[in-house]
Amino acid sequence: MKIKNSLLLLLLAILIVSCDKKRVFDEYKSVGNSWHKDSTVTFNLPQFDAFKKYNLYVNVRGNNDYPFNNLFLIVAMEQPNKKTVVDTLEYQMADPDGTLLGEGFSDVKESKLFYKDKEEFKLKGTYKIHIKQAVRQTGKVTGVENLKGITEIGFRVESLD
């Protein structure tokens, strides 16, 4: 009976993952036990259809060790012509009572954070996404040296078609 339930659960998981028709890129990178303020997570995007539009997301996997309510990120999109567009983003990561937001059944939560909508990749070549954390404690000028509670950073591209 346990084997039958396990197989059913595995089949269901495969079905859920395979039905993600909007996904054209989805990758995660580990930042270890703490994310150093000088550490940059970089994603090399594949060539996308220049005539389509895409929604872009930053995915964050974190756990209950995350001590803050918000997460500040610096996201830079480097185009094939080396022009770089930099955005400073703020996301709410926890409820006022400290409960970590996101999807997941254990203490690890996954948050899909909106970055850009209807983005076009008109230039041929490799686009790169560079992500750094920029969290500061209230009243402090310098950033948090080692940010605990964030274990992986991901980047996701979804087709609008």
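The values are calculated or read from the model by the stated rules, or taken from the named source; none is laboratory data. The shown structure was predicted, so the numbers you read here are calculated from the model rather than taken from an experiment. When we count neighbours, we look across all protein chains shown, and the Cβ atoms used for this are built from the backbone with ideal geometry, even at glycine. Ligands, DNA and RNA are excluded from the accessible area calculation, which covers all protein heavy atoms including side chains. Shrake-Rupley method; radii C 1.70, N 1.55, O 1.52, S 1.80 Å.
Structural descriptor for the range 15-154: relative contact order 43 percent, calculated from alpha carbon pairs under 8 angstrom and at least 6 residues apart. Surface composition of the chain: carbon plus sulfur atoms contribute 54% of the solvent-accessible area (1.4 Å probe, protein chains only, all chains present). Projecting the Cα positions of SER111, PRO96, VAL135 onto the charge dipole of the range 93-161 (unit charges on Cβ atoms of Lys, Arg, Asp and Glu, taken about the Cα centre) puts VAL135 furthest along the positive direction.
With both residues required to sit in the chain, DSSP beta bridges show an antiparallel share near 100%. Legend: distances between Cα atoms for LYS52/LYS112; LYS124/LYS148; LYS83/LYS109; LYS52/LYS148; pairs beyond 31 Å are LYS124/LYS148; LYS83/LYS109; LYS52/LYS148.
Surface analysis of the chain yields an accessible area of 63 Å² per residue, using protein heavy atoms and a 1.4 Å probe.
Between the entries [x] 9.5; [y] 8.1; [z] 11.7, the label attached to mean projected area of the Cα convex hull in nm² calculated for this structure is [z]. Within the range 59-161, the trypsin sites (Lys or Arg not before Pro) that combine a DSSP coil assignment with at most 15 other C-beta atoms in a 10 angstrom radius are LYS82, LYS83, LYS122, LYS124, LYS140.
Per residue, the convex hull spanned by the Cα atoms of the range 73-161 amounts to 145 cubic angstrom.
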